[in-house]
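> Below is a structure I'd like to ask you about.
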């Protein structure tokens with residue numbers, strides 16, 4: 001399985017600790033350093049919906065001007081903005097071995 005995120009994100013830290021405590025092996029993909037794979041982003045949006053994948057609560061979103069934020073109205077506009085600002089992706093995103101995709105740290109669903 002692959003955990004996508006950035007290492008200094010609190011949710012990513014919690015997720016990594018949760019997985020490690022349970023002995024779950026995973027690969028970590030830092031999309032700040034290694035980029036945001038465009039085909040994966042499309043899969044995440046298809047699986048979870050763009051509203052779930054786009055993090056509107058974080059610092060990156062708040063730093064955007066109002067016009068840019070208002071222009072995000074559908075999957076295509078959200079995808080384009082997340083490609084430019086990968087830290088707008090809600091973290092962590094996990095591609096599980098069974099094919100599931102989850103967005104955000106939610107040990108109850110995991």
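Values quoted throughout were computed directly from the atomic coordinates according to the rules given, and no laboratory measurement underlies them. This one's a predicted model, so the numbers in the text were calculated from it and none came from an experiment.
> So if I take the alpha carbon set of the chain, get Rg, then get Rh from the Kirkwood formula, what is the Rg over Rh ratio? Before the final figure, lay out each step's value.
Details: Rg = 13.6 Å, Rh = 14.2 Å.
Radius of gyration over Kirkwood radius for the chain works out to 0.96.
> At 222 nm, what value in deg cm²/dmol follows for the chain if DSSP H runs of at least 4 each add -39500 (n - 2.57) and the sum is divided by all its residues, to the nearest 500? All intermediate terms of the calculation are to be shown ahead of the outcome.
Numbers: 6 runs with 47 residues, N = 110.
So the calculated ellipticity at 222 nm is -11500 deg cm²/dmol.
> Looking only at the chain, where both bridge partners belong to it, what percent of the DSSP beta bridges are antiparallel (to the nearest 5)?
Antiparallel bridges make up about 65 percent of those DSSP assigns within the chain.
> Could you give the length gained by full extension between residue 60 and residue 21, i.e. 0.36 nm per residue of separation minus their alpha carbon distance, to one decimal place?
Fully extending the segment from residue 60 to residue 21 adds 11.0 nm.
> Considering only C-alpha atoms, what is the centroid distance from the range 19-60 to the range 65-101, in Å?
9
> Now a separate question. Give the span of the range 26-88's Cα atoms along each principal axis, as three whole-Å numbers ordered largest to smallest.
Cα extents, longest axis first: 37, 23, 17 Å.
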